[in-house]
1. Placing unit charges on C-beta atoms (Lys and Arg positive, Asp and Glu negative, everything else neutral), compute the dipole magnitude of the chain about its Cα centre in debye, rounded to 20.
2. State, as an integer percentage, the relative contact order of region 42-154 based on alpha-carbon contacts under 8 Å between residues 6 or more apart.
3. How would you rank 67-75, 11-19, highest first, on the average number of other Cβ atoms within 10 Å across their residues?
4. How large is Rg over Rh for the chain, taking Rg from the Cα atoms and Rh as the Kirkwood inverse mean of 1/r across Cα pairs?
5. For region 123-134, just list the computed ³J(HN,Hα) in residue order, Karplus coefficients 6.51, -1.76 and 1.60, θ = phi - 60°, integers in Hz, with x standing in for Gly and Pro.
6. Working from Cα positions, state the angle (0 to 90°, nearest 10) between the long axis of helix 61-87 and the longest principal axis of the chain.
7. As a check on your grasp of the helix formula, calculate [θ] at 222 nm for the chain: sum -39500 (n - 2.57) over DSSP H runs of n ≥ 4, divide by the residue count, round to the nearest 500.
8. Given 20 °C and 1.002 mPa s, compute D for region 22-105 with the Stokes-Einstein relation, Rh being the Kirkwood radius over Cα pairs; round to the nearest whole µm²/s.
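What follows draws every value from the coordinates through simple rules; no lab data is involved. It should be emphasised that the depicted structure is a prediction, and the values quoted were computed from it without experimental measurement. Backbone-built Cβ (ideal geometry, glycine too); neighbour counts: all protein chains shown.
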Amino acid sequence: MVEGAGSADETERAWLVEYLRDRDVLCPLCEYNLRQLDSAQCPECGRKIRLSVNLAEPYLRGWLTTVIALCASAGMGIIVLLVSLQDGLPPLSSRASLTISLYAFMASIPVAVGAVWLRKRFMRLSRQSQGLIACAAVIFVACELTAFFMGLKG
C-alpha cells in the first residue's frame, strides 16, 4: 500500500464532512439532502460521495443512444399521428407489416417521453444495463423501420 494513502482518504472525508456540515446539498444521484453527513457515503442510495470538481454526467453514451433511437421513432409516430387525425387510423390490411410499424411508431411517443423523464433512474443503472437497454431500443427502431419499408414494397 502507498504510504500516506490512508491519510489522504481521511483528509478527503474530513473536507467533505466539513463542507456538508451546514449546507443543504443534494446527492447527485438520488437527491437526498446530505446536510450533516458524517461519512463519505450517501445514506439513502449508498453511493460514495466525493468533494470534487467533475463533469455533471460523466457517462451518457447509453442514455443518449436510447433517447436518440426512441425520439427518432417517436418523430415518425408524431407524423403518423397527425396524418391519422386527418385521414383516420390505418386499417389492418394486406400490408400488415406497414400498419403494425405505423402503430409501433405511434406507441413509441410515450416511450420516448418516458425515457427522457426517467433519465436519472436510467443513469443509476450499471453501464452494462444501460448498454442492453440502448441495444434493445436500437433493435426496436430497426425492426420498425424494416417493417415499414417492407410494407411499402408489398
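1. Here the chain has a charge dipole of around 500 debye.
2. 38 percent
3. Per-residue mean Cβ counts within 10 Å order the peptides as 67-75, 11-19.
4. 1.23
5. 5, 6, 6, 5, 4, 5, 5, 4, x, 5, 5, 4
6. It is inclined by approximately 30 degrees.
7. Details: 5 runs with 98 residues, N = 154.
Only helices count here, giving -22000 deg cm²/dmol.
8. The diffusion coefficient I find is 125 µm²/s.
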